[in-house]
Amino acid sequence: MTLENILVLSSLLVIIQITIPMLIDLLAKKTSLKYLFSSRDKTTENSILAQRAIRALKNLLETFPIFVGLTLLSIIKDIDNSSIAFLWLMSRVIYVPVYIYGINYLRTALWAVSLICLMLMGIKFI
């Protein structure tokens, strides 16, 4: 898979993760479509699973700019980071349900894999 495709898929992952907490709370009846279409002046309490999904999204957003930067540099400099970038993407995709369902040690291992992938991508520029 090309770096360009991985970059597009990783952006899609961000979009999907943005919607997951809202979908979880809709299914858990913690919120309603009426509330989601409102100006949301009042806050509602999220379910535990939605709270975890929000934290998983925040975790992704902490390193996503680094991933995008390294991926774009790889494309510009013609450095093949595609397999490492794909592993980063897969670890981040698997991370979401693992975090939401509270599988702690696996969650930490997946986070570590994604962080190591970023380091390995960066090392290729040295």
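Readers should treat all values here as calculations from the given coordinates under stated rules, not as data from a laboratory. Note that the structure is a prediction, hence the values are computed from the model and not measured. Please note: Cβ atoms are built from the backbone with ideal geometry, for glycine as well, and neighbour counts cover all protein chains shown.
Table for the structure above
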| read-out | value |
| --- | --- |
| Residue in region 91-102 that is closer than 17 Å to Asn5 by Cα, touching a residue at least 24 places away in the same chain (Cβ under 8 Å), surrounded by 14 or more Cβ atoms within 10 Å (Cβ to Cβ) and of a type in the set (D, E, K, R) present | yes |
| Count - residues of region 19-58 that are in a helix (DSSP H, G or I) and farther than 30 Å from Ile79 by Cβ | 21 |
| Test for Val68: is it under 14 Å from the mean Cα position of the chain (by Cα) and either closer than 22 Å to Ile18 by Cβ or crowded, with 21+ Cβ neighbours inside 10 Å (or both) | yes |
| Test: residue in region 108-116 that is exposed (fewer than 12 other Cβ atoms within 10 Å of the Cβ) and over 16 Å from Pro21 (Cβ atoms) | yes |
| The lone exception for Tyr105 - which of (1) without any contact (Cβ under 8 Å) to a residue 40 or more places away in the chain; (2) crowded, with 17+ Cβ neighbours inside 10 Å; (3) out of contact with any Ser or Thr (no Cβ under 9 Å at 6 or more places or on another chain); (4) aromatic (Phe, Trp, Tyr) it fails | (2) |
